[in-house]
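Here is the structure we will look at.
The values are calculated or read from the model by the stated rules, or taken from the named source; none is laboratory data. Everything numeric in this text was worked out from a predicted model, so none of it was measured. No Cβ is skipped: glycine too gets one built from the backbone with ideal geometry, and neighbour counts run over all protein chains shown. Surface areas here come from the heavy atoms of the whole protein model, side chains and all, with no ligands, DNA or RNA. Shrake-Rupley method; radii C 1.70, N 1.55, O 1.52, S 1.80 Å.
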Amino acid sequence: MLVYVVDNIINVIYKKQVYTGKFKSINKGYIINKDEFMNEFLKFLKKEKIKGKFWGTAIEIIDNSYFRVSDKFFLENIFLELGFIKVNFKNIKDLFLDDKTFIEVNNTYMVINLDKGIYLDLDYYKDIPKILDYFKDLIKKDIVLFGVNKKIPEIKLKGRDVYYLQNREKYIIDSLL
C-alpha cells in the first residue's frame with residue numbers, strides 16, 4: 001500500500017488501484033488531527049472495500065520535499081499505531097527529471113522542489129509568477145508545473161520555459177503506477 005497526501009486529499013494505491021478521498025483531518029498537505037485522521041482513514045478503507053492482509057505489513061508514504069524530520073516521525077507513528085509493521089518513505093524527487101525544476105502548485109500551497117522543498121502557503125503568497133521570479137536565480141531554465149490547481153496553464157515566467165503536464169493533477173500517482 002502506498003499513500004500520497006496533497007491539499008486535503010489522500011491518495012492510496014493498493015493492488016494497482018488508486019483510491020482517493022477528502023479528509024477533514026488533512027489541511028494544506030499536513031495531517032492536522034491524528035485521532036480524526038486515524039478514524040477517517042479506517043472508514044475510508046472500509047468504504048472503498050480495501051481489505052486484505054496489509055495489517056502487519058509495510059506501508060509506503062510519498063516523502064514530499066517539504067517534509068521535515070518531525071513530519072516524517074509523526075506520519076510514521078500514525079501508521080505504526082494503525083497496525084502497519086513498517087513505514088517506508090519514497091522520495092518524491094525520484095519521480096522528477098534532474099535537468100528541470102519541478103514545482104507543485106495546489107489549491108492551498110505550492111512547493112518549489114530545489115535541493116530542499118520550499119513550501120509556500122497560497123493564503124499569503126497569491127501571485128505565483130511573482131514568487132517564481134523571486135526564486136529565479138535558484139530555478140533551472142526549464143520549469144515543470146504539476147498539482148491540482150486549475151490555474152497552472154496560466155502561469156508564465158519571463159525568461160524561463162514553463163511547462164505543465166497534461167496529467168498534472170495525477171502526475172505523481174501515474175508515475176507510481
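Whenever you get a sec, compute what percent of the accessible area on the stretch 19-177 sits on carbon and sulfur atoms (1.4 Å probe).
51
Could you list, in their original order, any pairs among LYS28/LYS86; LYS24/LYS116; LYS16/LYS49; LYS22/LYS49 whose Cα atoms are separated by more than 24 Å? Please list the in-between numbers first.
Numbers: LYS28/LYS86 26 Å; LYS24/LYS116 28 Å; LYS16/LYS49 14 Å; LYS22/LYS49 16 Å.
Over 24 Å Cα-Cα: LYS28/LYS86; LYS24/LYS116.
For ARG160, what is the net charge nearby, where nearby means another residue's Cβ is under 12 Å from its Cβ and Lys, Arg count +1, Asp, Glu -1?
Computed value for this residue: +2.
When only C-alpha pairs under 8 Å and at least 6 residues apart count, what is the relative contact order of the stretch 1-95, in percent? All intermediate terms of the calculation are to be shown ahead of the outcome.
Details: 136 pairs, mean separation 23.4, N = 95.
Averaging sequence separation for qualifying contacts and normalising by length gives 25 percent for the stretch 1-95.
Give the angle, between 0 and 90 degrees and rounded to the nearest 10, that separates the Cα long axis of helix 34-47 from the longest principal axis of the Cα atoms of the chain.
Helix 34-47 and the main axis of the chain meet at about 70 degrees.
Count the net charge of all other residues whose Cβ sits under 15 Å from the Cβ of ASP127, scoring Lys and Arg as +1 and Asp and Glu as -1. All intermediate terms of the calculation are to be shown ahead of the outcome.
Values: positive: LYS126, LYS130, LYS136, LYS151, LYS156, LYS158; negative: ASP121, ASP123, ASP133, GLU154.
Cβ neighbours under 15 Å give a net charge of +2.
Among MET110, MET38, what's the order by accessible area (1.4 angstrom probe), most exposed first? Intermediate results must be reported in sequence, preceding the final value.
Details: MET110 0, MET38 25 Å².
These residues rank, largest area first, as MET38, MET110.
Where both partners of a DSSP beta bridge lie in the chain, what percent of those bridges are antiparallel, to the nearest 5? Intermediate values should be presented prior to the final figure.
Values: 21 of 37 bridges.
Percent antiparallel among DSSP bridges in the chain is about 55.
With a point put 7 Å past each Cα toward its Cβ, work out how far THR108 is from LYS47 in nm, to one decimal.
Inter-label distance under the simple model: 1.7 nm.
Once you have the alpha carbon radius of gyration of the chain, what is it after dividing by 2.2 N^0.38 Å, with N set to its residue count? Provide the component values of the computation, followed by the final result.
Values: Rg = 16.7 Å, N = 177, 2.2 N^0.38 = 15.7 Å.
Ratio of Rg to 2.2 N^0.38 Å for the chain: 1.06.
Need one number for the stretch 3-77: average projected area of the convex hull over its C-alpha atoms, nm². The partial results should precede the final answer.
On the way: hull surface 20.0 nm².
About 5.0 nm², averaged over all directions.
Each label point is 7 Å from the Cα along the Cα-to-Cβ direction; what then is the distance between the points at LYS150 and ILE85, in nm?
Here the modelled spin labels are 4.6 nm apart.
Taking only Cα atoms, what is the 0 to 90° angle, nearest 10, from helix 69-81's long axis to the longest principal axis of the chain?
Computed tilt is about 30 degrees.
What does DSSP give for the stretch 1-79 in terms of the percent of beta bridges that are antiparallel, rounded to the nearest 5?
Values: 13 of 15 bridges.
Counting DSSP beta bridges with both partners in the stretch 1-79, the antiparallel share is about 85 percent.
Normalised by the residues of the stretch 42-177, what does the relative contact order come to in percent, with Cα pairs under 8 Å and at least six apart?
Values: 184 pairs, mean separation 26.5, N = 136.
Value for the stretch 42-177: 20 percent.
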